[in-house]
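**Q** Provided herewith is a single structure, encoded as structure tokens, for subsequent inquiry.
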Amino acid sequence: MKRYGDIRGDGGSNIVGQVEAQQARLASRLDAVRFVVAVVSGKGGVGKSALTANLAAALARDGWRVGALDADLNGPSLAKMLGVRGAKLGVGADGIEPPVASCGVRVMSMDLLLPSDDAPLAWQAPTAAESQTWRGSMEANALREFLTDTRWGELDALLLDLPPGTDRLAVIAALLPRLDGALAVTIASDVAQLVVRRSLTAARDARAPLLGLVENMAGLFPGADVAQMAEAAGVPFLGRIPFDADLAGAADAGTPFVITAPERPAARALTDLASSVRQSLETARR
Ligand SMILES: Nc1ncnc2c1ncn2[C@@H]1O[C@H](COP(=O)(O)OP(=O)(O)OP(=O)(O)O)[C@@H](O)[C@H]1O
Ligand SMILES: [Mg+2]
């Protein structure tokens, strides 16, 4: 039987050593990335993935080299929205070559590794009580490996599409050598006030600057004045993205709306969002 002393302290072949080696590899991988940005939300289905896909496409159209990682291991959708589902992955000694979407974005998603639609990734734990923590740490390890083993190359921005829950920000931040910003997405009915507060706390815990708050599917839900709430909390309000059924259609077809219908109000709003994000990242760096 292994004792505690057996699994640490003797260099590269033990668990602690392996994690350290991987962290070092991740750090050098991310040295070639100017800005690492996470997209977060209070609850699911508010449009994080659609927003990440469009933001990535808009930044790439403006000349940035962009990567997008689907960090939602259980419900991956980014590969589909960027039209790279089913792409064959090139695997070399230095890791996996991410497929490049037609909009120029390099995409990595668990979706690309899953055999079929009905094979979600399941984390199993010995007991229900243990499953939460176990799942959390398994997920974290899988994500670290995933990030490290992808040959991102030189990037201006790497966008991370997180699973729902503002608390996920701290989990991913703990894995990364640095996180340059977090972007919070909400809808007017998503108890927006709470989301604003939680986003602030999460960003502080993650020691990542909160770039701002975006209201998505605007016009669809009556209710909160998200802009006013953001202002009251001192969080930059980065605009509203109107609800547009064709945006969802474009996402389903794997072609970002900012590319297929750039003149539509929702696409314009997403393009403006990309400019604000770029500006705020560049300004913070100076
Ligand atoms: N502004 C919008 N107008 C119309 N449809 C939208 C808009 N934003 C997102 N959608 C659509 O709403 C659905 C949910 O969006 P999406 O999958 O991006 O949410 P999510 O926050 O990533 O969800 P999850 O928490 O499950 O990861 C998708 O079908 C998406 O295309
Ligand atoms: Mg999503």
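**Q** What's the angle, to the nearest 10 degrees (0 to 90), between helix 265-285's Cα axis and the longest principal axis of the chain?
**A** 50 degrees
**Q** Additional query: Which order do peptides 40-53, 138-151 fall in by mean Cβ count within 10 Å, highest first?
**A** In decreasing order of mean packing, 40-53, 138-151 become 40-53, 138-151.
**Q** Taking the chain as the reference, fit the longest principal axis to its C-alpha atoms, fit the long axis of helix 48-61 to the helix C-alpha atoms, and give the angle between the two in degrees, 0 to 90, nearest 10.
**A** 80 degrees
**Q** Between Leu78, Asn216, Thr148, whose Cα lies farthest towards the positive end of the dipole of the chain when Lys and Arg beta carbons carry +1 and Asp and Glu beta carbons carry -1, centred on the Cα centre?
**A** Farthest along the dipole direction, towards plus: Thr148.
**Q** Evaluate the charge dipole of the chain about its Cα centre and quote only its size in Debye, nearest 20, assuming +1 on the Cβ of each Lys and Arg and -1 on the Cβ of each Asp and Glu.
**A** That gives a dipole near 520 debye.
**Q** Now, a different point. Just to confirm my numbers, what's the Cα centroid distance between segment 133-173 and segment 207-242 in Å?
**A** 24 Å
**Q** I would also like to ask the following. Under 5 Å between amide H atoms, partner at least 5 residues away or on a different chain: which partners does Val33 have, H built in plane at 1.01 Å?
**A** Amide H to amide H, under 5 Å and 5 or more residues apart or across chains, Val33 pairs with Leu155.
**Q** Continuing with this model, one more query. Taking Cα atoms, how many degrees apart are the long axis of helix 15-30 and the longest axis of the chain, rounded to 10 and kept between 0 and 90?
**A** Once rounded, the angle reads 40 degrees.
**Q** Oh, and also: Note down the net charge around Thr148, summing +1 for each Lys or Arg and -1 for each Asp or Glu among other residues with Cβ under 11 Å from its Cβ.
**A** Local charge sum for Thr148: +1.
Each reported figure results from applying straightforward, stated rules to the coordinates on display, with no laboratory input. As the structure is a computational prediction, the values presented were derived from the model and not from experiment. Cβ sites come from the backbone with ideal geometry, for glycine too, and all protein chains shown count toward neighbours.
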